[in-house]
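Structure in structure tokens, see below.
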Amino acid sequence: MNDNDFASISWDREDIVTAPEDKQKPPRVIIRNSIEAEYTLTTKVSNPQKEADTTKDAYISYLSNNPQFKCSITRVRRRFTDFVYLHTCLVRDHPACAIPPLPDKHKMEYITGDRFGHEFTSRRCSSLNSFLVRLTLHPTIRRSKILLLFLESEDWHQYMRAGGVNSRNNSISPEGGVIDGFMVTIMNAFSRIHKQDKQFIDDKARADKLGEDSANVEKMILKIVKKQIDLATDYSDFGVQWAKLVPLEPGLASAITALCRSLEEMSKCTHELRDEIDTTYLTSLKDLSNYVVSLKTLLKQRDQKQLDFESLTEYLNKLVHERDGLANGVTAGGFLRGKVEDLRGVDHEAARKERLRKLELRVKELTVAVESSRMESEAFDEECVKEVAVFEKIKEREMKPALNVLTNGHVEYYKKVIDEWSGAIESLEKLLAENHESEG
């Protein structure tokens, strides 16, 4: 790709607040509009290289090409672990965003010994490129400090060693420990949201449908790729068998040679088509399926926050009802409690006032908690609406190029096949005409 394809960008700083055509707007609004309209960021992950080849700690580094702020074009090398670190930071810093996923690190290639094979590294490079493109298209994440450091900093590894983010120590875990988190999960499994928002129901249905369709298309493409491999092998073997006829039929040597050449070219073209589909289109399908999972996880988090709000509200109503009943002298189990207090020699009125005081304190605490949960749930709802819109935008932007690659790959394949066999047929017809003339 030509370097001119990565034109320099304009970076809007917060001290630039002039907008002659719209002077009446507040400076903050003007800055936001300027950023959304002019701020662009283009990245490309390419050229995977094996580093430290002679040691046991060999790894693959990827070249990230991005127009940035210090220079018009910056090139940096990053390991896969660097991408993992970036992803961990973004998940921590943006909990209300559907962070695009990374390709899975644990592949069968690591077991079979093809850890640094060309096919594996090419697919991973393509996935990492999609990951970065998605980040740069996200209106919030593309302005993240950690992303800018990742893209341009020459001291990135020093920043990692300095502990900019410790994924173990700073990971978000349920308050109260693993057991409490497990108990909350079990309880929520049997809880249902009472007031479902139709918009989010539709969003989850579309995400489920897209995930199913992507999985079905992926299975179909995998079958096609496997058949293309078999077909390419058959073309090559067929040409080899025809070549064995040359010593037996010297007069047809040129015709047989032309046929063998065409079959070999067919095999080569089929391999190229298979590689392009596997590396680009099939990888994009897998990346899209993984991205759908991230969006569905975010929607589940939204449901959880609404469920927490409804559970707190229900508990608050229960306490309010109990408090009102206690204030009016009517409580569930009051007779049994009175008998126990008589045995213990407790003053009934003093005990009732003490219970009422504790209930009042508990109701006040829960009222604050319910209001906080409501505000958090509503804010998360707004962020989810934005994230769904961002997902749709990125999906549309990705699917068209992927389909273009698939279509253009097949068009080029059939053009090459037609050209090759047209030449072979022309050669055979010419040879046949010469044989007729010699016989005549």
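For segment 347-388, what is the charge dipole size about the Cα centre, in debye to the nearest 20, if Lys and Arg each add +1 at the Cβ and Asp and Glu each add -1 at the Cβ?
The dipole of segment 347-388 has a size of about 480 debye.
On to the next question. Using the per-residue mean of other Cβ atoms lying within 10 Å as a proxy for protection, in what order, highest first, do the peptides 133-142, 398-407 fall?
Peptide ranking by packing, descending: 133-142, 398-407.
Provide the packing ranking of 301-307, 419-425, 77-83, i.e. peptides ordered by the mean count of other C-beta atoms within 10 Å per residue, highest first.
Per-residue Cβ counts within 10 Å, averaged per peptide and sorted highest first, yield 301-307, 77-83, 419-425.
Sorted by packing (mean other beta-carbon atoms within 10 Å per residue), highest first, where do 375-383, 262-270 land?
Top of the packing list down: 262-270, 375-383.
Values in this text are rule-based calculations from the coordinates and carry no lab data. Note that the structure is a prediction, hence the values are computed from the model and not measured. Methodologically, a virtual Cβ is constructed for each residue, glycine included, from the backbone with ideal geometry; neighbour enumeration extends over all protein chains shown.
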